[in-house]
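Data block below; observations after.
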Amino acid sequence: MIKIERFSYLNFANVQEIDGIEFWELPDIPDIKSNKDRMLNVETNRIDILSKKAYNTYSLWWIIAKSNNIFFPPRDLSGIQRFPNMRAIGEKINK
């Protein structure tokens with residue numbers, strides 16, 4: 001059994017095995033709708049640093065990416081506007 005961090009996006013992915021090799025499928029990350037999104041000044045070009053600033057953890061970078069329609073690798077973070085609140089995130093993660 002693989003142990004996954006609570007806030008990891010891998011909680012939304014499955015492990016596949018083909019010919020004895022295990023790999024992660026692409027995660028099916030849910031949309032997180034929040035009527036109380038936070039606004040922060042974007043002063044970095046690293047999405048994990050934004051996650052730390054918004055949520056006090058580097059692990060929720062994928063929430064910011066999904067909420068702002070960012071695909072990887074991100075080159076410019078200046079368009080980031082949405083930071084869903086922790087209650088909305090918890091409702092999706094803790095299902």
* Structure fact -> For Lys3, the aspartates and glutamates lying under 20 Å Cα to Cα, once residues fewer than eight places off in the same chain are dropped, come out as Glu17, Glu22, Glu25, Asp28
* Tell me which residues come under 5 Å, amide H to amide H, from Phe83 once H is placed; ignore anything under 5 positions away on its chain. => Arg38
* **Gained length - Phe23 relative to Ser59, 0.36 nm times residue gap less alpha-carbon distance** => 10.9 nm
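Taken together, the values in this text are just the output of simple stated rules run on the coordinates, not laboratory data. This structure is a prediction, so every number in the text was calculated from the model and none was measured.
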